[in-house]
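Below is the structure I would like to discuss, written out as structure tokens.
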Amino acid sequence: MTKTALVTGGTRGIGAAISIALKSAGYSVAANYAGNDEAAQTFKNETGIPVYKWSVADYDACVAGIAKVEADLGPVAVLVNNAGITRDAMFHRMTREQWGEVMGTNLNGLFNMTHPVWPGMRDRKFGRVINISSINGQKGQMGQANYAAAKAGDIGFTKTLAQEGARAGITVNAICPGYIGTEMVRSVPEKVLDSIVSQIPVGRLGEPDEIARCVVFLASDDSGFITGSTLSANGGQYCV
């Protein structure tokens, strides 16, 4: 039976590449998104991947959304927690709202999405949970106390759930992308982009497809002995 994969933030950027790569690998894919209806509809039309709208920051919405996906496509076997936002500011200027919004999506979202699918994965003795963290969750970044803290939290969440899920056939891993050539990153001023690239030993930005291939491997049966790991895909910018 075809396994169902659910990708949060799965219609744009890295998430879109992940959704497409999983479909190409033979999974039945559902792509979640939070707000951009036009982009989601374009993605659906171009790929044939069904899209589902809800905020991962809302637990009840996650429960209802997952139930809809499972009714349409079958039990979620692979969950990719990719959805993320930024609300950057130096800490002395950061508001409680900026802190809370980033924590709500980037950290609480992992609980909100994983908690409802966990019992089913345990019952079926199989599951793959793949959390997209960030290089900045490993090394920190000025102006991103909220983002870096949430992404570091994602790694701690990964390590703990890996231990809890191992005997039930569930693997839980994290991927920490470096600077990836998404539309958002490529839109920054050229001088700023040049400064970023100069810090990357391989001399270029990563590509969304490169992160997607990491996800496909971690979702596969070939990765069954890998759990609790953090895969750094950053071109050598930060070596752990």
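Compare the Cα positions of Ala77, Gly100, Tyr59 along the charge dipole of the range 1-153 (+1 at Cβ of Lys, Arg; -1 at Cβ of Asp, Glu; about the Cα centre) and return the one farthest towards the positive end.
Ala77
Mind ordering 82-95, 99-112 by average Cβ neighbours within 10 Å, highest first?
Result, highest mean first: 99-112, 82-95.
Take Tyr52, Tyr33 and order them by how many other Cβ atoms sit within 10 Å, fewest up front.
In order of increasing Cβ crowding within 10 Å: Tyr52, Tyr33.
Roughly how big is the range 4-233's charge dipole about its Cα centre, with Cβ charges of +1 (Lys, Arg) and -1 (Asp, Glu), in debye to the nearest 20?
Here the size comes out at about 420 debye.
Moving on. Take the residue pairs Lys53/Lys139; Lys3/Lys44; Lys139/Lys159; Lys3/Lys139; Lys125/Lys159; Lys125/Lys151 and return only those whose Cα atoms are more than 25 Å apart.
Lys53/Lys139; Lys3/Lys139; Lys125/Lys151
What Kirkwood hydrodynamic radius do you get for the range 4-233 when you take the inverse of the mean 1/r over all pairs of distinct Cα atoms, in Å?
17.7 Å
A short reminder: the numbers here are calculations on the coordinates, not readings from a lab. These numbers come from a predicted model, not from an experiment. Using ideal geometry, Cβ is built from the backbone for each residue, glycine included, and neighbour counts are taken over all protein chains shown.
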